[in-house]
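The values are calculated or read from the model by the stated rules, or taken from the named source; none is laboratory data. All values reported here derive from a predicted model rather than from experimental measurement. Neighbour counts are summed over all protein chains in view; Cβ atoms, including those assigned to glycine, are modelled from backbone coordinates with ideal geometry. For accessibility, only protein heavy atoms count, side chains too; no ligands or nucleic acids. Shrake-Rupley method; radii C 1.70, N 1.55, O 1.52, S 1.80 Å.
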Amino acid sequence: MRELRIHGRGGQGAVIASKLLATALFLEGKSVQSFPAFGVERRGAPVTAFLRTSDGPILLRCEITKPDGLIVLDPTLIAAVDVAAGLKDGGSILVNAEGGPETFPKLAERFRVGTVDASAVAREYGLGSKNQPIVNTAILGAFAAFSGIVSIDSVCRAIESEVPFKTADNVTAARAAAGLLRTSEAPALAGAAAREVTRG
Amino acid sequence: MAESKAVLDIAHGVPPVSVSQTSTRVNKTGSWKYIRPLYRDRVAPCNQGCPVGIDIEGYMNLLREGRVDEARDLVLRENPLPATTGRVCYHPCESSCNRASFDQPVAIHAVERMLGDLALGKSAAPALAKRAETVGVIGSGPAGLACAYHLARLGYGVTVYEAEREPGGVLRWGIPEYRLPKAILASEVGRIRDLGVTFRTSTHVGRDVTLAELGLHDAVFAATGVHKSRELGIPGETLTGVWRGLDLLRAVNAGERPQLGKRVVVVGGGNTAMDCARTALRLGAEVTVLYRRSRAEMPANHEEVEAALHEGARFSFLTLPIEVTGDPREVDVDPLRAIEDTFGQFDRSSEEPRVSAVLCARMELGEPDASGRRAPRRIEHGEFRIVCDTVVTALGEEAETDYLPTELHGGAIRVTALGETSRTALFAGGDLLEEPHTVAFALGSGKRAAIGIDHYLRMKAGEAGAEVELGELKLGPEGNLSMTRWRADDPVARVNPVNEVVKVTDLNLSQFGHARRAEDVLRPAWETRHDFLEANLGLPREDAMAEARRCFNCAVCNGCEVCLIFCPDVSISRRDDGKFDIAYDYCKGCGLCAAECPRGAITMTREGL
Amino acid sequence: MKKVIVGNHAVSWGVSLARAEVIAAYPITPQTQIVEELAEMCDDGRLAAKFIKVESEHSAMAACIGASATGVRAFTATSSQGLLLMHELLHWAGLGRLPIVMADINRAVAPGWNIWTDQNDTLAQRDTGWVQLYCENNQEVLDTTIQAFALAEKLSLPVMIVLDAFFLSHTSEPVDIPSPAEVDAFLPRRDAALKLDTRDPHAFGALTTPAVYMEMRKRQQEAFDQVPETLRLIDADWDRRFGRSWGAVESYRTSDADTVLVTSGTITSTARYVINERRERGEKVGLVKIKMFRPFPTEPLRRALAGIPKVAVLDRNISPGHGGIFAEELRSALYDLPSARRPRVDGYVLGLGGRDVTPEVIGECLDATRGNDSSANAREDLWVGVKP
């Protein structure tokens, strides 16, 4: 079983991203479970969403405190909150950022880091507004390439079934972002552990 | 799921839920009651308050149901000129509106104006049967027009004698274009003409034709109005530059644009004074209105006073003119005047001295006089002078009745409740009577006389008795006569109608929500004061329709179902015609329906009566 | 059709497939996406129901009572304080024998204001004459919603479907949504034996004297007595049609167990994970899930637990001054088992106000009960994970 955490700000689509990723994994025959951080939601405030996926049934119905991987929709969150809290050593982080993984040297010491300029992609395809692009579909495209746990085709099929507005643009954005992924080498010691099934 | 019936089968053993084993129909609780509810349509206060006698509540209800054409036709049954009254009537109906004590009265005038505008170009229902008799109508002001209209719809041949070159009377020659566009009036007069009424214009009864010559008609209705302006009765009144108000309005309504100079003084506090002041503003003058009492006592309509103020008229209250002076030394020598003199634009052909100022006395208010208003008294040594180029007098008007039989000369003419004078077959109405000199009262008096003439001619032809049940014809004990009731062809289904007016305390206001009254769209004063185009644009249609939905529909069941919802005995049921039946076998007479009825359309009556 | 949906929408889908005819709800916190989705379904025509927006939960239940009394299928949803406000009318629906179905999102009651999961809101309605069914996952939520209408209408009893806030309400997971035709075949239109009908007027809920009130109560009790068997048949029918059944009580790996957890709601699912882990280590542990709390499944629980030495009940609720409510009810149900076959019942109060119940927390409870060899029931339930 893998557990993921998605960081965003209210209104950026973090919860939808977890739902889309769950749908994509479900389409590949995996068991899935996704949920927002339990509590109240406010636009602009940091929000988190979660995802469990497994080949077998998922029995756990508790919160996720030690994720295997992270998706960060907004690079400013890295300074604002401890996004890596609880992330297992050797875990992976995908960040929506203009710069490459080398711009996050602290994270790269312990984790495998990937970056993609999902905001630029979202703007290019007219998703959201110029100042507040909605990056969730683009970053999921990059996540498919980054994680290898889900195919880009499944991500696109999930978008087609769940996103009622600008569906084609969102699909194209996801595919475009997959090609723009930049990754760091995984830290030598933890590389294997990152992919290990830890629970279930 | 067959077993589910068994679970709750009350036919066997004890019922599983508290449900009566027998139908509740066996329990005829109606036998308990000593009072019983009765649907009883009464009269809305607006209907009684309308001097024309229009079923206002009726058309508001039709509008609420979206039946716009029927609403329009309902107005046309009583009022020949709704587009006119919607603009110029001072809407006493709104003063009696029950909604006034809830939030604000319904803007009835604006709704009527919408209906009137929808009726423009539409004909009124013609008479079903023609009658042999003809009627002569003297004067084509609102009273004459109303009388002619109603008589034509009753089947009579009608000829209207009008001294002026176009019909309309005060509507055509007195009321300024910016309040009532001539095209609107012409269209409404056209509707009367379409009913077969003949207009003999430029025919002055008494000069061009005598009253005796009108004897060819079977009856005559005199409604020549008031034309003679009251005089100031002070020195200098005959100086050049002193206008009688009606003459000024008439000239402007005839298309003239008289030069009044730069400063105009209007004397008077009534509606004619306001018309004169606003007209003078439009002719480019600075206007000062002199009134001997204070603002509160002004007889002019509030809205007219406000409009005059907004357009820039100044008011000098507690001011009595005591002399108009023409002393050349007091002529205002201003450069513009000199230029006008040079280019001959200013009429100086007359050798008589021209108005140069008004000498005024300052007044104060004393004890109430016969009219109930505080009487003005002169303050000693309070004289002052107002420099001006023109003085317009608007102190009220008197009738010219020389053409009538001598017994009708002098003062207001007395008529019966059906408009008949002391002279058989001669009826009179409008401003000739001792009634408020308004368009609405004139229209109402014309309708009364039409009923009176119809009754007189039918009686003469042996088709009717001498007595008329006036109480049955009035809209409420105090209201005007209803032509619909006279014709007994009400298109509105009435339930046990009684001729009582519903008071606000008879309503259940908790059933209504507050809603702001729609305000007329007014062109800005800085714009209106420079032209004669209509200043008040009324309400957009959707707003007028929404305003109609503000109406409480006082006193008349409109099928709202509040009674049905509240009846604890489920004794009220809706009929196909939208009205309700009460199952008196079960109604306990609790009175909830009457208490909850929003509009006072249910009355509790003694059982057995 | 399988879709990844949240638990709230599993309810909405169930209600829509059940073709509810009247839905009344008060649209304010603590309301949920259940009625939001249903309102949209009514608006866009997917569901031919009358949606009545009312001014309080009390009125929502009143509207459902009125609607149900006329013979139509009525539904509402609420949560925590909203459910508490309905309390008076819950009795009315219960004794009125009206087959209303309601979904309640289990949320803690205030103060302090708390929107997280906790069973006290629904357990406070224990004696109102409603069947209560607690769900473990979103598939069960959807299936139970439809089954609830069948059960309710079969016995003329109102049914409450209960699901944990967030852990189900806001958690997305795949749900197999049956086709309308399949559900129509399972659940025909309601055929009310008794209903308000102006053509044959009867007085409902009128004065009921001591001479008959008790009989009316007895008939209600008899109807509750029929619930276990009726639900079993409905569930079996569902299983035949859709290949899934849930049961009022479920035993999980208990056959040779020395210690058994008793759970309800989503804790059950995490507890299964713990049981699986322990079984791999060779520990003889099992689990009994209580889905149906009212009527209390006394007989099935006796069958499930007789002869098992130790039972640990995990209560996400508290009856102040007494203890965990499931534990107390279970002790009472097992009381007249022969002492040799009667388990010791340990009660654990945990997870109140949405506090996370992790495998570690459940493991602690299991260890505490397994490690205690006393033969007597504990006098007090143990509060788990509470800061000093």
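For the pair B:Arg606 and B:Lys262, the difference between a 0.36 nm per residue extended length and the Cα-Cα distance amounts to 116.6 nm. Expressed to the nearest 5 percent, the antiparallel share of DSSP beta bridges inside region A:2-188 is 55 percent. Build a GNM of chain C with springs between Cα atoms under 10 Å: which of C:Ala368, C:Ala248, C:Ala74 gets the top mean-square fluctuation? It is C:Ala368.
Considering only region C:249-383, what is the antiparallel percent among its DSSP beta bridges, to the nearest 5? Here the share of antiparallel DSSP bridges comes out near 25 percent.
Rounded to the nearest 500, what is chain C's calculated 222 nm mean residue ellipticity when only DSSP H runs of at least 4 contribute -39500 (n - 2.57) each, over all residues?
The per-residue figure over chain C is -12500 deg cm²/dmol.
Using the rule -39500 (n - 2.57) for each DSSP H run of four or more residues, divided by the residues of chain B, the 222 nm mean residue ellipticity is -8000 deg cm²/dmol. Result for chain C in a Gaussian network model with C-alpha springs under 10 Å: among C:Tyr26, C:Tyr348, C:Tyr213, the largest mean-square fluctuation is at C:Tyr213.
Look at the alpha carbon pairs under 8 Å that are at least 6 residues apart: their mean separation over the length of chain B gives a relative contact order of 23 percent. Sorting A:113-123, B:240-250 by average packing, meaning the other beta carbons within 10 Å per residue, from highest down gives A:113-123, B:240-250. For chain C, the Cβ-based charge dipole about the Cα centre amounts to some 620 debye (Lys, Arg positive; Asp, Glu negative; other atoms uncharged). Each residue, B:Ala100 and C:Gln226, gets one label point 7 Å from its Cα in the Cβ direction; the gap between the two is 6.7 nm.
May I ask which of A:Lys66/C:Lys387; A:Lys19/C:Lys53; C:Lys50/C:Lys195 have a Cα-Cα span longer than 20 Å here? Long pairs (Cα-Cα over 20 Å): A:Lys66/C:Lys387; A:Lys19/C:Lys53. If I take every Cα pair under 8 Å that is 6 or more residues apart in chain A, average their sequence separation and divide by the length, what percent do I get for the relative contact order? That works out to 24 percent.
Which value, in nm² and rounded to one decimal, describes the direction-averaged projected area of the C-alpha convex hull of region B:397-470?
Projected area, direction-averaged: 5.2 nm².
Averaged over the residues of peptide C:183-195, the number of Cβ atoms from other protein chains lying within 10 Å of each residue's Cβ is 3. Within chain C, the whole DSSP H helices whose Cα atoms reach 24 Å or more along their own axis and whose mean Kyte-Doolittle score is at least -1.0 are C:138-155, C:210-242.
Taking a point 7 Å from the Cα of B:Ala212 along the Cα-to-Cβ direction, the residues of region B:362-403 with backbone N closer than 19 Å to it are B:401-403. When each of the peptides B:488-495, B:156-163 is scored by the mean number of other C-beta atoms lying within 10 Å of its residues, the order from highest to lowest reads B:156-163, B:488-495.
Helix check for chain B. Which DSSP H runs span at least 15 Å along their own axis by Cα, with a mean Kyte-Doolittle hydropathy no less than 0.0?
B:108-119, B:142-153, B:439-460
What's the FRET efficiency of C:Met214 with B:Glu596 using the Cβ-Cβ distance as r and R₀ = 56 Å, to the nearest 0.05? Result of the calculation: an efficiency of 0.90.
Annotation for B:Glu303 and C:His91: the two label points, set 7 Å from Cα along the Cα-Cβ direction, are 5.9 nm apart.
Mean per-residue shielding of peptide C:2-8 is 4, counting Cβ atoms of other chains within 10 Å of each Cβ. Peptide C:150-160 has a mean of 2 when you count, residue by residue, the C-beta atoms of other protein chains within 10 Å of its C-beta.
May I ask for the percentage of alpha-carbon pairs in chain C that lie more than 33 Å from each other?
Values: 22169 of 75078 pairs.
The proportion of pairs with Cα distances above 33 Å equals 30 percent.
Computed from the Cβ-Cβ distance with R0 of 41 Å, the FRET efficiency linking B:Trp32 to B:Glu70 stands at 0.45. Across chain C, the mean sequence separation of Cα contacts (distance under 8 Å, 6 or more residues apart), normalised by length, yields a relative contact order of 15 percent. If R0 is 56 Å, what FRET efficiency do you get for B:Glu237 and B:Ala493 from their C-beta distance, rounded to 0.05? Once rounded, the FRET efficiency stands at 0.40. In the distance distribution for the protein assembly as shown, Cα-Cα pairs more than 56 Å apart total 47 percent.
Between C:Asp176, C:Asp200, C:Asp256, the Gaussian network model of chain C with springs among Cα atoms under 10 angstrom shows the greatest mean-square fluctuation at C:Asp200.
For B:Phe512, the accessible area of its heavy atoms, probed at 1.4 Å with every protein chain present, is near 40 square angstrom. Legend: Rg and Dmax of chain B, from Cα coordinates, 29.7, 117 Å.
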